[in-house]
Structures are given as structure tokens and as C-alpha cells.
Amino acid sequence: MRIEIPRYSERLGALRIHDVQRVIEIDSGSMKSLSEDFHVLRFSVDEIKEVESRMAIILPVKNEKPNILEGVLSGIPHDVLVIIVSNSSRAPIDRYQIEVDTVLHFYRFSRRSFIMIHQKDPAWGLALKKVNYTSILEGDVVRDGKGEGMVLGIILAKALGKEFIGFIDSDNYIPGAVYEYAKIYASAFLASRTPYAMVRIRWPYKTKFVGKGFYFRRRGRVSEITNKYINMLLGRLTHFETDIVKTGNSGDHAMTMRLAEVMEFAEGFAIEPYELIYL
């Protein structure tokens, strides 16, 4: 992997926010050149694989099409642990069982490690009550919400000793993009000089199918609003206007477990922007 060094950063106390860093090459070879360019960061295949062996990727799933889910699974590097957190309906059609069958079928051919849970499993309610972590419960079960499911995935990754956790939206139609995300996550952790690090993916275009063809929008409409107000908040705190935040709603992001352990998380779809607000 070859990526740009940070061109620009904002500081707020101990927090450093880097501007978008462009990926130059997904695969930059196994040997480092003696005349390495100081304007880029380069990591070998072996370095990236070593990080992947210590990483889990969490897939929040809700009523996803089986072929789309299988495509996402096929794009995740083999040594990364996959944690699937489903909140799919059980009636009148048991879509969760369809997802389980899809994952089992994929496992027969891939022989890779998976963990799959349902967000509404009563066992989660019992376990969380036992440790007095009831803020994500509604009665005896975990509430509906993407944020709540992501927290369950973090708990599982922590229990299994993973040092890095990534999140990838399960509605990604391009398996190759999923593969790139995992490699970018690993490279960002290699580049970090602190155990408290987060990386967020910014798409060059938000592709939409309109009419008879694709329309490549530079950014999502909700993202424009979220980024605007987070940057306004940052500007008020630093007394300098900024547009450094461009990934306020990024569902495709990753962090070190050390950071996740000290974070607070919001419910539902508020989880991604609130991570930045909390920091």
C-alpha cells in the first residue's frame, strides 16, 4: 500500500485530525526501495497482513440481499475476523435464517473465521444486565439501531483479543472496494504513532443509479450537512474556520481497540458523526 503523507492537519488539544490522504497504490510491492519517496507512506504486504491478523471487521446487516452480503464477505481479506451483527426480520419471512444459510454456504468454500449473531438474541439482554450495561437495552433485549449493533460487535472483538476493529456497510455492491477498505484500515494503523487512532473512508463519488445510468455525485446530501456543522463546531473551538472534516457520516471506518475502550457511542445512525463529536 502506498498513500500520501498528511498534507494538512488540525489540532484541538490532544486530538489531531488529518485531511484526506489519497491512496496512490493498493499494492506497492513487497520490497521497500532504497530511495523511498518522503512524500508517501509505503507498507509491504507482510506488514499489512500482520495487522489484518489482529483485526476484526464488523458488518451491521439488516434485511440485506444474500448475493450482496456474499459479495461483501468475499472482499474481506482472509486473515481478518468477520463479525456479522444482524437485525434482520424473523417473520413473516425469516431473513436472518437466509443470511445464516448464505454465510454457511460461503464458509464451506472459504473456510474462514466468522462470528454471526442476531441483535435481538435474548442472551445479549441477560449478559448485559449481568454486567450492568443496560443503556442499549429496551426491556429484556437490545434496542433496534445500527449503533447498538456496532457496540455488540465491539464487545465480541474485545472478548476475542482483537486490537483493531473496522466497520463496513453491508450494502456495498463492489467486493473490490471492500478489499480496498480493509487494506486502507491496516495501512492507517501502521502509519499511526499513537494507540488511539481512527481512520474513515471518503468516497471520491457517491454513485447512484438514476434512470438508465449511473450518476456520480461528489458527496451525499446528508454528509454535506453533517460535515458543515461539525466543521462549524471545530471552528468555534479553535477560533479558525475549517473544512477539515469530510467524513462525518462515514459508515466505513475503523479504530484501535484502545480508542474504542474509552469512547462513548450514540444510538442508531447517529453513531458515526457522534464519534467525532465525542473526540
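The values are calculated or read from the model by the stated rules, or taken from the named source; none is laboratory data. Since we're looking at a predicted model, the values are computed, not measured. Positions of Cβ are generated from backbone atoms using ideal geometry, with glycine treated the same way; all protein chains shown enter the neighbour counts.
Can residue 150 be described as modelled with pLDDT of 95 or more, touching a His at 6+ places or on another chain (Cβ under 8 Å) and not acidic (Asp, Glu)? Taking the combined requirement at face value, the residue does not satisfy it. Is it true that some residue in region 110-130 is under 22 Å from residue 71 (Cα atoms) and in contact with a His (Cβ under 7 Å, 6 or more places away or on another chain)? Yes. Filtering region 92-141 to residues that are small (Gly, Ala, Ser), assigned to a loop (DSSP other than H, G, I, E, B) and surrounded by 12 or more Cβ atoms within 10 Å (Cβ to Cβ) leaves 113, 135.
No other residue among 53, 28, 88 is surrounded by fewer than 17 Cβ atoms within 10 Å (Cβ to Cβ) and of a type in the set (Ser, Thr, Tyr) apart from 53. Could you tell me whether any residue of region 41-63 is over 27 Å from residue 156 (Cα atoms) and among the aromatic types (Phe, Trp, Tyr)? Yes - at least one qualifying residue is present in region 41-63.
Go through region 63-104 and give me each residue that's in contact with a strand residue (DSSP E or B) (Cβ under 9 Å, 6 or more places away or on another chain) and charged (D, E, K, R). Once the filter is applied, which keeps residues that are in contact with a strand residue (DSSP E or B) (Cβ under 9 Å, 6 or more places away or on another chain) and charged (D, E, K, R), region 63-104 yields 64, 79, 90, 95, 99.
Selection of region 156-177 for residues being crowded, with 18+ Cβ neighbours inside 10 Å, farther than 20 Å from residue 103 by Cα and either more than 12 Å from the chain's Cα centre (by Cα) or among the hydroxyl-bearing types (Ser, Thr, Tyr) (or both) yields only 162. Only one entry in 266, 182, 186, 254 is in contact with a Phe, Trp or Tyr (Cβ under 6 Å, 6 or more places away or on another chain) and modelled with pLDDT of 95 or more, namely 254.
Conditions (1) part of a helix (DSSP H, G or I); (2) among the aliphatic types (A, V, I, L, M); (3) more than 15 Å from residue 165 (Cα to Cα), marked per residue:
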{"site": "41", "(1), (2), (3)": "no, yes, yes"}
{"site": "48", "(1), (2), (3)": "yes, yes, no"}
{"site": "59", "(1), (2), (3)": "no, yes, no"}
{"site": "64", "(1), (2), (3)": "no, no, yes"}
{"site": "67", "(1), (2), (3)": "yes, no, yes"}
{"site": "70", "(1), (2), (3)": "yes, no, yes"}
{"site": "74", "(1), (2), (3)": "yes, no, yes"}
{"site": "79", "(1), (2), (3)": "no, no, no"}
{"site": "84", "(1), (2), (3)": "no, yes, no"}
